[in-house]
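**Q** Quick one: the structure is below, and I'll ask about it shortly.
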Amino acid sequence: MDVTGSDFLEPTTNVGAVFRSVAALGADAVLLSPACADPLYRRAVRVSMGAVLQVPWARLPDWPVAGPLLREEGYELTAFALRDGAEDLAGFVEQLPERLALLFGAEGAGLSRRALASATRSVVIPMEHGVDSLNVATAAALALWAVRTADRRASENREVPAGIPGGGA
């Protein structure tokens with residue numbers, strides 16, 4: 001698993017909760033847009049249970065610059081957004097790219113138009129009972145868990161090369 005990107009993420013409690021999920025579920029880093037709340041604000045640190053001091057993070061430039069930079073580094077930018085053509089999370093994790101940046105936006109407004117334009121894919125978490133959105137920290141945790149679980153399953157199913165103990169003949 002690689003990085004989690006956040007766009008216009010506020011309040012600081014959501015920032016802290018996302019960092020806590022990232023730490024718990026093993027993502028490598030958090031990337032914050034310039035409009036995100038400060039992860040070092042004391043409330044964010046407290047809600048994260050100190051994860052903001054453990055998980056690497058960086059501020060991105062605006063999306064018209066950040067999107068191309070991340071793609072040049074080999075990241076597939078995947079927006080979690082309610083939009084036409086978004087694929088279901090379960091289908092998305094069946095074939096994960098090697099380098100992945102999961103993008104999450106503010107509650108209510110979601111990702112900015114610029115962040116959405118930077119994304120190469122869109123994913124939706126299916127919901128029932130007329131619910132159309134989740135708290136951003138909850139959505140990030142679900143997505144990260146699904147990616148981590150798929151990564152682990154893929155690792156377990158890889159064949160061990162011949163000539164290595166436990167490998168093929």
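**Q** When you go through Leu102, Leu142 one by one, which is the residue that is touching a Ser or Thr at 6+ places or on another chain (Cβ under 6 Å), within 24 Å of Ala37 (Cα to Cα) and at pLDDT 95 or above?
**A** Only one candidate qualifies: Leu102.
**Q** Moving on to the next point. Can you report the number of residues in the stretch 1-34 which are surrounded by fewer than 18 Cβ atoms within 10 Å (Cβ to Cβ) and among the β-branched types (Val, Ile, Thr)?
**A** 1
**Q** Do we find that Trp57 is among the aromatic types (Phe, Trp, Tyr), modelled with pLDDT of 95 or more and either touching a Ser or Thr at 6+ places or on another chain (Cβ under 7 Å) or within 24 Å of Asp151 (Cβ to Cβ) (or both) in this structure? It would help to see each step written out before you state the result.
**A** Details: among the aromatic types (Phe, Trp, Tyr): yes; modelled with pLDDT of 95 or more: yes; either touching a Ser or Thr at 6+ places or on another chain (Cβ under 7 Å) or within 24 Å of Asp151 (Cβ to Cβ) (or both): yes.
Yes.
**Q** Can you name the helices (runs of 4 or more DSSP H) wholly within the stretch 1-108 that have at least 1 residues being in contact (Cβ under 8 Å) with a residue 40 or more places away in the chain and of a type in the set (Gly, Ala, Ser)?
**A** Values: elements: 12-25, 42-47, 63-72, 89-92.
It comes to 12-25, 63-72, 89-92.
The values are calculated or read from the model by the stated rules, or taken from the named source; none is laboratory data. None of these values were measured; they are calculated from a predicted model. Note: ideal-geometry Cβ built from the backbone for every residue, glycine included; neighbour counts use all protein chains shown.
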